[in-house]
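Since the structure comes first, as structure tokens, the remarks are kept for the end.
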Amino acid sequence: MAQNGKPPKLPVEGKRNILITSALPYVNNVPHLGNIIGCVLSADVFARYCRIRGYNTIYICGTDEYGTATETKAMEENCSPKEICDKYYAIHKEVYNWFNISFDEFGRTSCPQQTEVCQEIFKKIFENNWLSENTMQQLYCDTCERFLADRLVEGTCPTPGCEYDSARGDQCEKCGKLLNPTELKNPRCKVCQKTPRIRDTDHLFLELPLLKDRLEKYITQMSVAGGWSQNAIQTTNSWLREGLKPRCITRDLKWGVPVPHEKYKDKVFYVWFDAPIGYVSITSCYTRDWEKWWKNPENVELYQFMGKDNVPFHTVMFPSTLLGTGENWTLMKTISVTEYLNYEAGKFSKSKGIGVFGNDVKDTEIPVEVWRYYLLTNRPEVSDTLFTWPDLQAKLNSELLNNLGNFINRVLSFIAKPAGQGYDSIIPSIPDDVSGDSHNLTKKLADKVAAYIDQYIEAMEKVKLKQGLKTAMSISSEGNAYLQEAQFWRLYKENKSLCALVMKTAVGIVYLLACLLEPFIPSFTLEVFNQLNLPAEIHVSLCDDKGDVDRVKKPWDIVSSGHKIGTPKPLFKELKDEEVDFYRKKFAGSQADRIVRAEAEAENVAEQLRKTKVSDGNGKKKAAKSSNEAKNKAAPEPDITITRLDIRVGLITKAQKHPDADSLYVEEIDVGEEQTRTVVSGLVKYIPLDEMQNRKVCVLCNLKPASMRGIKSQAMVLAASNDDHSKVELVEPPSSAKVGERITFPGSEGNPDELLNPKKKVWETLQVDLHTNEDLVACYKNVPLTTSAGVCKVSSIRSGSIK
């Protein structure tokens, strides 16, 4: 019996049999939104689509539990690796349940079936002589009596000029250089802090060069037949161009699948080798007839979903492993790869706790369908995308609430009105004197809808999920336009027959939208079918076999006349500015920062409560005014001087096009704070994108943040323009100026405002005197913008205006 309580599905001869996997999430932490959209959510959308199309589909996933990272996390939390895995498996499962991820089986790589399948595959490869032995040098800790994996070693980075004293054995976090543990200066064991020594150790290697011809044949055929995404093809070809090398498949660890070989019995398999085999072993937990899915390439299509960093493991190493067995495995047909989803002012990071995590979203009271919709509209299919709270707000309020929710509520609320005002909740019948095919406006709508349905199916078949969602939402926009143009409220009084056709057609569009959007926002679909008073499990279907696709292309025929609908109610709730500000502050910084902030706020509340014990003379107690409050009330508005501006040297660490505005860039700028700032600039027309990267700029940091096409800009980059604004150039500090230093104006001293009050027009007053002189120097009046390394300049614009 499968996890969902139903008998396990097996491939059916003559049907499309689809096997779907998503990259197994590593179990040493809570998944963040980037992890969720990168694999499990994207795969879930495709699995749901396949099911409503009537394909025989199973979706397999689970937690990746073996390896160094688990052992390291267990040491940090002072428990066993199994206890760590049990803890985080439960957290992952809870998060995915909340997100309505419809796995057929969500398993674990620490299960007995993983050991069994993994060892069997190894034995076949070993028998076929695809393995070799080699001696490596590794650090060994005599105190702990063990070889030290990369992450169990720390020391001084060997990179000249860095010399960070807590560099890990695999990478220096300060300079980013990839390392081998033996390269570290003054290495120390992370467990006991003692100095390890270099010692020889024998390992087994998979001879990828010997499998190259078979692998290349598979890649050449399947990348075309399966329509692999461009980023997957590029990454794979890059590996092949560099030349395949033997890959070590064993590790000197305890936590993992034991190697079934006398000489290597104290070692385990390397996680890259055993983790993809988890797809197979978890399927074997789903059904004992797992080979009917995994050794049946003639009848089964394998679709795999992952983030871009996982590509070579699935296009090179896992297929090589299966090819090396000599057995008839179901190899991956289609791979769907996402780039990175970035968070506000930087990257999502599990290790640093930055971003919104799966267990955070439940606490926001923003419904799951909103989270799913936003992540999927923002799915990074061809380039990195950006999560911002204002953008989530814009998508919810304008697309879900005002477009989709408004259309459905207008239709169902009108039908639910009592007779004389509506249809008393009964779907009207269409009189003989009108028809959908003969009414021009309705026929035009039906033709557009039919074209959109074809586009939707084409996009989804090619796993272009973002395009599929956009196409479905276009039908909602058409529905709103149809209602508006038909003016159904007037027709109800003036032409009852035509009004019946319009409303029956409109309710058909509501039904259709609920079907098309089920893969993306299933809880929305359940609620719409509840309001339609129809059982979703019967009606959510787009099967060619049943004629569903042809039927929904005539929307006036979808929902039967005489059917009584349920009670309409709003489907979405507005997200207000103050809520967005609250969430931005709440999820700013790392998870550790948030704990510190929460503790400080608790202390602040306690302090305020202590201060309330002041009598007002009537026996009542009131809060005492702080000396700061009294001071602020009495303080006059300071003069408008240039020192009130907080202009700093900034470094653009990343620039990309705004997702919703062709003329805008979105930059991440380091201004010397803990996190970079997100800045939106209208420079696309003037400065090529490649010239925006890694560039020092002058940044005005104390303007009030402003939302620009859904992304809140937290500062402003200074640029100069000529008289007719045909040319714009960045104001640049000297190359040796220190990032974060405040730009000064010799002869003027004073501290900047924490935040400029827009009502006082401080910036607007000062900006008119900011200009470039004949020597290309940026000035306020005649005083240059100055850093400790010299003055700030532009390239060629003389007597230009700076803003």
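Table for the structure above
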| item | result |
| --- | --- |
| Candidates Ala74, Ala69, Ala43 - the one that is open to solvent by less than 50 Å² (accessible area, probe 1.4 Å), more than 24 Å from the chain's Cα centre (by Cα) and hydrophobic (A, V, I, L, M, F, W, C) | Ala74 |
| Flag if Lys546 is open to solvent by 10 Å² or more (accessible area, probe 1.4 Å), of a type in the set (Lys, Arg), farther than 20 Å from Thr377 by Cβ and in contact (Cβ under 8 Å) with a residue 60 or more places away in the chain | yes |
| Test: Pro7 is open to solvent by 10 Å² or more (accessible area, probe 1.4 Å) and at pLDDT 95 or above | no |
| Filtered residues of region 301-314 (kept if at pLDDT 95 or above and either over 12 Å from Thr21 (Cβ atoms) or acidic (Asp, Glu) (or both)) | Glu301 |
| Residue within region 773-786 that is open to solvent by 40 Å² or more (accessible area, probe 1.4 Å), in the same structural domain as Thr653 (by the TED database) and either within 30 Å of Gln656 (Cβ to Cβ) or of a type in the set (Lys, Arg) (or both) present | yes |
| Qualifying residue in region 735-756 (condition: assigned to a strand (DSSP E or B), small (Gly, Ala, Ser) and open to solvent by less than 30 Å² (accessible area, probe 1.4 Å)) | no |
| Qualifying positions in region 529-538 - on the phi < 0 side of the Ramachandran plot and surrounded by fewer than 17 Cβ atoms within 10 Å (Cβ to Cβ) | Asn530, Pro535, Glu537, Ile538 |
| Residue satisfying all of: in region 390-448; among the basic types (Lys, Arg) and either under 30 Å from Ile366 (Cβ atoms) or not in a helix (DSSP H, G or I) (or both); most open to solvent (accessible area, probe 1.4 Å) among these | Lys417 |
| Lone qualifier among Ile457, Ile453 - being within 15 Å of Phe46 (Cα to Cα), part of a helix (DSSP H, G or I), in contact with a Leu (Cβ under 9 Å, 6 or more places away or on another chain) and among the β-branched types (Val, Ile, Thr) | Ile457 |
| Of all residues making up region 229-273, the number that are among the β-branched types (Val, Ile, Thr) and assigned to a helix (DSSP H, G or I) | 4 |
| Residues that are part of a loop (DSSP other than H, G, I, E, B) and either without any contact (Cβ under 8 Å) to a residue 40 or more places away in the chain or not hydroxyl-bearing (Ser, Thr, Tyr) (or both), drawn from region 771-798 | Asn773, Glu774, Asp775, Leu776, Lys781, Asn782, Leu785, Ala789, Cys792, Val794, Ile797, Arg798 |
| Residue match in region 144-156 (condition: more than 30 Å from Lys263 (Cβ to Cβ) and either touching a helix residue (DSSP H, G or I) at 6+ places or on another chain (Cβ under 6 Å) or not polar (S, T, N, Q) (or both)) | yes |
| Odd one out for Leu526, checked against (1) part of a helix (DSSP H, G or I); (2) open to solvent by less than 10 Å² (accessible area, probe 1.4 Å); (3) aliphatic (A, V, I, L, M) | (2) |
| Every residue from region 274-332 that is acidic (Asp, Glu), assigned to a helix (DSSP H, G or I) and more than 22 Å from Ile219 (Cβ to Cβ) | Asp274, Glu291 |
| In region 88-144, residue farthest from the chain's Cα centre (by Cα) [restricted to those that are within 25 Å of Arg372 (Cα to Cα) and without any contact (Cβ under 8 Å) to a residue 24 or more places away in the chain] | Ala90 |
| Counted residues, region 685-727 - those being part of a loop (DSSP other than H, G, I, E, B), at pLDDT below 90 and either of a type in the set (A, V, I, L, M, F, W, C) or under 23 Å from the mean Cα position of the chain (by Cα) (or both) | 2 |
| Contacts under 7 angstrom Cβ, first residue in region 693-716 being hydroxyl-bearing (Ser, Thr, Tyr), partner assigned to a loop (DSSP other than H, G, I, E, B), 6 or more apart | Ser713/Pro705 |
| Selection count, region 435-491, where residues are within 28 Å of Tyr374 (Cα to Cα) and not aliphatic (A, V, I, L, M) | 22 |
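The values are calculated or read from the model by the stated rules, or taken from the named source; none is laboratory data. All values reported here derive from a predicted model rather than from experimental measurement. Virtual Cβ from ideal backbone geometry, glycine too; neighbours counted across all protein chains shown. These area figures cover heavy atoms from the full protein model, side chains too; ligands, DNA and RNA do not enter into them. Shrake-Rupley method; radii C 1.70, N 1.55, O 1.52, S 1.80 Å.
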